Structure formats: C-alpha cells, structure tokens
1. Could you check, for segment 170-185, whether at least one of its residues is out of contact with any Gly (no Cβ under 7 Å at 6 or more places or on another chain), of a type in the set (D, E, K, R) and more than 29 Å from G41 (Cα to Cα)?
2. Inside segment 116-203, counting only helices (runs of 4 or more DSSP H) that do not spill past its ends, which hold 3 or more residues that are within 20 Å of the chain's Cα centre (by Cα) and either of a type in the set (S, T, N, Q) or more than 23 Å from R85 (Cα to Cα) (or both)?
3. With respect to L113, is the statement that it is more than 29 Å from V31 (Cβ to Cβ), surrounded by fewer than 20 Cβ atoms within 10 Å (Cβ to Cβ) and either in contact with a strand residue (DSSP E or B) (Cβ under 6 Å, 6 or more places away or on another chain) or at pLDDT below 90 (or both) true?
4. Among the residues of segment 228-242 satisfying the criterion of being hydrophobic (A, V, I, L, M, F, W, C) and either modelled with pLDDT of 90 or more or outside any loop (DSSP other than H, G, I, E, B) (or both), which is farthest from P201 (Cα to Cα)?
5. Output the residues belonging to segment 3-23 that are assigned to a strand (DSSP E or B) and either in contact with an Asp or Glu (Cβ under 8 Å, 6 or more places away or on another chain) or more than 18 Å from L57 (Cα to Cα) (or both).
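The values are calculated or read from the model by the stated rules, or taken from the named source; none is laboratory data. These numbers were taken from a predicted model, which means no experiment stands behind them. All Cβ positions, glycine included, derive from the backbone under ideal geometry; neighbour counts span all protein chains shown.
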Amino acid sequence: MDNVVELDVVTRTYGSRRRPVVALGGISLAVPAGTFVAVMGATGSGKSTLLQCAAGLDRPTSGRVRLVGRDVTRLREGALTRLRRDRVGFVFQSYNLLSELTVRQNVLLPRRLGGPRPRPLDEVLAEVGLSGLAGRSVGELSGGQRQRVAIARALAGRPAVVFADEPTGALDPTTGEQVLRLLRGGVDRSGVTVVMVTHDPLAAAWSDRLILLRGGEVVADVPTPDPASIAQRLRATTGDPVVAR
C-alpha cells in the first residue's frame, strides 16, 4: 500500500535564532492510502503545525515532506498550489465557505479555479445529506449543514487525502457524529486518506490510527482504542483531566 503522506525528520521552528520556538522537533511518520489518522495533543503540542506541514500549507524548517508522491519541500509555490487543488481536500472548524454563494457554487468552486472534474453534484450532495439544497445560499444554512458542504467540496474532486482540523469543534455532539460518519465513509467507500486534528476522544475513536504529540514530538503512534482509553492516554500525555464525553 502506497503512502499518501510522509514526513522524514521534519522540524518547524519560529521566532529568532536567539529565542527559537520549536513547534515540531524532528517528526517522522508515514500514512498509507485509505487510512483515517487522528492527531491529538495538548495546546501547543504541534498538532496543527504538523497538519499544516503535511498538507503543504506551511514549509518545514528542515526535513522532507512527501504528499501524494511529491516532495512538497522542493516544489515551487505554483506547483504546490496545483497539487493541493487537484489532490487534497480540506475541512476546517470554521468551514471556509463563501456565505454569499450557493451550495452548488461552493462545492464546484475548485473546478472553476482549474481543478479536476468533480463527481456529479447530485451524487455528492446526496452522500452528505444535502439533496435539494444545491441552490440554497450557504449563509442560510445551519452550522452542521455548512460543515457538510465543506465535506462535499473536499470529496467532490476525488482527493487522495483530506486534512481536517477540528472539524467537529463548533458542532453539537449529534451533528459532530454525522460529520465524522461522512469522513469515515470517504475512507471506507472511496479509499480516501483522512488526517484529522482533534481534541475530542469520541471524534478520535472514528479513526484507525492515533498519534499523540507532546512538545512537538510523537509520544504514541498506535491503533486507535476506544474513547475511554484514548482519554486515558491523552491524560497521561498532557496531564490534563480529559474525559470521553
């Protein structure tokens, strides 16, 4: 099975040489195709920086990142932008939709920007439970519906990998479960790889593989256990009183 995401001794530091802030301290990992990975850790552990470097949204200070077989640390900005547009989907807590556009226009936006031909719109909207809403303005939708639009946009272009940063953070538990079910379905039905940053053990439990970070380093990389065990591992890693809600 080919690896869709590979990090080879990746570091990321910020600040000055005199007072560097180490966000990632030499991380190596590989994510095979068709895998759902959850990344967890305390605030400041480096999980969002890890996602951004893996997705080609931020360049590491040192080390190598390969995304869908391309060394993104060597790509020029234009080639990197095209790679993200054509092979990568994104789902964020803040949705990143254009509220003045319709559902149809938001889902098909990557195509209008030169991206790959998407799957049939009706098929994609039915898959995420938005049949009949193609002409509705996104600004009129609920938070859960907006996140479904974001997932539809992410999956419409048949991406190799979807990066999700706290995709359920702004949602109630029932709606959050629906969103996670959609991401899980993309992995199981279409072989999409999902790399998700989350703070919630219940969300992480939908994954196949759990990665725990502390101080910019991987302290655990294991098959995903049940939510209570995830909370226990996270508590042992961070020292915070985390519970599976």
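1. no
2. The helices (runs of 4 or more DSSP H) meeting that bar are 143-156, 173-190.
3. So L113 fails the test.
4. The qualifying residue farthest from P201 (Cα to Cα) is A236.
5. The answer is N3, R12, G15, P20, V21.
Yes or no, residue by residue, for (1) in contact with a Pro (Cβ under 9 Å, 6 or more places away or on another chain); (2) in contact (Cβ under 8 Å) with a residue 40 or more places away in the chain; (3) surrounded by fewer than 22 Cβ atoms within 10 Å (Cβ to Cβ); (4) part of a loop (DSSP other than H, G, I, E, B):
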site: V39; (1), (2), (3), (4): no, yes, no, no
site: P60; (1), (2), (3), (4): no, yes, no, yes
site: R66; (1), (2), (3), (4): no, yes, yes, no
site: R74; (1), (2), (3), (4): no, no, yes, yes
